[in-house]
Each structure stands twice: as structure tokens, then as C-alpha cells.
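Following: one structure in C-alpha cells, then a few remarks.
The values are calculated or read from the model by the stated rules, or taken from the named source; none is laboratory data. Note that the structure is a prediction, hence the values are computed from the model and not measured. Heads up, the Cβs are rebuilt from the backbone with ideal geometry, glycines too, and the neighbour counts pull from every protein chain shown.
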Amino acid sequence: MPESTSADPAKPAAAPTKPAKAEARDSSPAAPPPAPAGKPFLSIALGALSVVLLLIAVALWIKLGVRDEAIVQNKNRSDQVQADTDVLRAQLDEAKAGMTALQKKMDETKAAADQNKADLDKVVASSADVQAELDKARVISTNFQSQMEDAKVASIKHQGEVDIAQAQTAVAQEKSNKAVSDLAQLQTQLDASKGQIADLQAKLADDEKAIAKMKKA
């Protein structure tokens, strides 16, 4: 088209008005072509919307992954707590059983201590009786000793009654020896009673210490 226009310089100057109308006619039906300019905007909008939807999908996927991980962690934590609870319950049952056994042992020890204390009281009472009998034997032995001394004096004073005095002395000596023997036996019994008292006191002290330790435990 430009070559044909430049190749025809002989046309009058007023002629350009017609081509203007022709151009106007040609331009009026060609008005719709600007519409394609909106297609890139629509494409951009759709692309941006796709990107946004993709980002939203990725965010939702990440959020779901985080939620699933949190659910798994919570389940693992719940299982761990349940396991710890079972262990603590087992330990509690074991502690209760141990406490019951300890209470039973403490009751048995206390009963044994009470029995030992009763035995000690009996031995102490028996020892008191033995001590009283020993005192009586000592008095009797002293009396026999006095009688023997009197018999010896009588024997010296009454030489004529030597045989009788000797007989009396022999009898008194025999009685004195018996009294001394009885005194020795009673002394042995008293020593044995004292030994039993010491043993029972030691056992009672051990039982009281055991009870004190059990109470502290």
C-alpha cells in the first residue's frame, strides 16, 4: 500500500477526504480487535489465581502434614503416658504389698517384744522370790553359825561335856554346811536369773530398735 500511494503524485489535494472516509469505514468494523488485549490480563489473572490456589493447596497440604504429625506425636505421648501410668500403678501395688508385709512383720516383732517383756517380768518376779529365799538362807546360815560358835564356847567352858558339845558342833556344822550349800545353790539360781534378765533385756532392746526402724521406714 505505501508504494502505490507514493507512485501516484498526480492526484488533487482535496482527494484525501474520501480516503479518510474510507479509512473511517474501514476502521468502524475493525473496532473489536482491542478485545484481544484483555486476554493476556485474563490469562495473567487466571495464572495468578492458579498460583494462589496452588499456594493455598500447598499451605493446606503442609497444614494437614503438621496436623497429622501433631496427631502422631500426641498419640505417642498418650501411649508413653499410659505406659508410665501402668508402671507407676505396678510400683504402687508393689509398694502396698511391701507396706503390708512390713506392717505384718512389725506386728509380729511387736508381739514378740511384748512376749519377751512378759517373760522378763516373770523372771524379775522369780528373781525377787529367789532373792527373798537367799536372804532367808543367809539368816538361817548366820543363826547356825552363831549356834556353832556358841557350841564351841560351851565346849571350852564345859570340858566335861565335850562329847555332847562336839556332837552338837558336828550337827551344827552339818547344818551350817547344808545352809552354805543351799546358799550356794540359791546364789547360782540368782546368777542364772540375772543372766536371763540380761538376755531378755538385750532382746527387748533389739525388738524396740527394730520397731523404731520399721516406724521410720
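Within the range 137-151, residues that are closer than 16 Å to Ser181 by Cβ reach partners that are of a type in the set (Lys, Arg) and assigned to a helix (DSSP H, G or I) with beta carbons closer than 6 Å, at six or more positions or on different chains, in the pairs Phe144/Lys175. Considering only the range 76-94, I want to know if a residue exists there that is under 30 Å from Ala212 (Cβ atoms), at pLDDT below 85, assigned to a helix (DSSP H, G or I) and not small (Gly, Ala, Ser). No, there is no match, as no residue in the range 76-94 is under 30 Å from Ala212 (Cβ atoms), at pLDDT below 85, assigned to a helix (DSSP H, G or I) and not small (Gly, Ala, Ser).
Looking only at the range 93-136, residues that are of a type outside the set (D, E, K, R) and either free of Cβ contacts under 8 Å to residues at least 60 places away in the same chain or closer than 30 Å to Val171 by Cα (or both) come to 16 in all.
So which residues in the range 164-207 are surrounded by 15 or more Cβ atoms within 10 Å (Cβ to Cβ) and under 30 Å from Lys104 (Cα atoms)? Answer for the range 164-207, where residues must be surrounded by 15 or more Cβ atoms within 10 Å (Cβ to Cβ) and under 30 Å from Lys104 (Cα atoms): Gln196, Ile197, Leu200, Gln201, Lys203, Leu204, Asp207. Just one residue in the set Lys122, Lys136 is closer than 30 Å to Gln196 by Cβ, under 54 Å from the mean Cα position of the chain (by Cα), basic (Lys, Arg) and in a helix (DSSP H, G or I); that residue is Lys122.
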